[in-house]
Amino acid sequence: MKRVALLISGGGSNMLALVRSMTGDHPARPVLVAANDPGAAGLVRAAELGIATAAVDHRPFGKDREGFEAALLAHIEAARPDILCLAGFMRVLTPGFVARFEGRMLNIHPSLLPKYPGLHTHRRALEAGDAEAGCTVHEVTAVLDDGPILGQARVPVLPGDSADSLAARVLVEEHRLYPQVLRRYASGVRAPVFLP
Ligand code: GRF
């Protein structure tokens, strides 16, 4: 059974979708949900599901990323995860942190990578007049939002869409895609899956 630690920054809807999927014959189980904000609503939801939680506030560390990560790593290493899932985690990790989990760390990004790495993905898709948008699960490497793609799901951009309405439509697909990719990944499958 694979041990999965999940990193969040906010509400944790992707974390919940992953946690709820790890039951029955699923080859993995959640062992920790950690956040960079002690006030992240997702921590409360994880605790309600009986999962160990931890929070390290990144703000007191200011520009000291390594210091913040060292504090976070203490919790992560104690949980001994086989796989690390970034699920709405909004801190950019240093190459040193990434190297420690390379080949066993996943992230969900709300665009059809390689299009629109970084922030404001839905607004950028609308500004570009794209007919489609979507989300991507990828392995995390030292280059932001750039690692090997493990899965994608597409949605149409509809007339009158705002960044918020598009984000809501994509989020539904995120909650479908990420659990499927994690199940495959925990079973050793690296071939990407593209959801209809
Ligand atoms: C999601 O769109 C995710 O892709 C992005 O942050 C949003 C919120 O995620 N990184 P969650 O509800 O906190 O999982």
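Applied to segment 104-119, the Karplus parametrisation 6.51 cos²θ - 1.76 cosθ + 1.60 on θ = phi - 60° returns per-residue 3J(HN,Hα) values of 8, 10, 10, 9, 9, 10, x, 7, 8, 3, x, 6, 6, x, x, 9 Hz, with x for Gly and Pro. Could you state the angle between the C-alpha long axis of helix 65-79 and the longest principal axis of the C-alpha atoms of the chain, as a value from 0 to 90 degrees rounded to the nearest 10? Roughly 70 degrees, rounded to the nearest 10. Mean residue ellipticity at 222 nm, helices only, the chain: -11000 deg cm²/dmol; runs of at least 4 DSSP H residues each add -39,500 (n - 2.57), and the sum is divided by the number of residues. Converting phi to 3J(HN,Hα) with the Karplus coefficients 6.51, -1.76 and 1.60 and the offset θ = phi - 60°, segment 13-26 yields 5, 5, 4, 5, 4, 5, 4, 5, 7, 7, 9, x, 8, 5 Hz in sequence order, with x at every glycine or proline. For helix 163-186, what angle does its Cα long axis make with the longest principal axis of the chain, in degrees from 0 to 90 and rounded to 10? In the chain, helix 163-186 runs at an angle near 50 degrees to the longest axis. Estimated at 0.36 nm per residue, the fully extended path between Arg104 and Glu132 surpasses their Cα-Cα distance by 7.1 nm. How are the Cα pair distances of the chain distributed, in percent, across 10 Å bins from 0? Per 10 Å bin, starting at 0, the Cα pair percentages come out as 9, 37, 37, 15, 2. Applying 1/(1 + (r/R0)^6) with R0 = 25 Å to the Cβ-Cβ distance of Ala70 and Lys115, what FRET efficiency is obtained, to the nearest 0.05? Computed FRET efficiency for Ala70 and Lys115: 0.15. Between Gln180 and Ala78, the modelled label-to-label distance comes to 3.7 nm, taking each label 7 Å out from Cα in the direction of the beta carbon.
For the pair Val193 and Leu158, the difference between a 0.36 nm per residue extended length and the Cα-Cα distance amounts to 10.2 nm. With a Förster radius of 22 Å applied to the C-beta separation of Leu144 and Ala167, the computed FRET efficiency comes to 0.70. Each part gets one Cα centre, and for segment 122-196 versus segment 97-117 those centres are 11 Å apart.
Readers should treat all values here as calculations from the given coordinates under stated rules, not as data from a laboratory. As the structure is a computational prediction, the values presented were derived from the model and not from experiment. With ideal geometry, Cβ positions are generated from the backbone for all residues, glycine too; neighbour counts draw on all protein chains shown.
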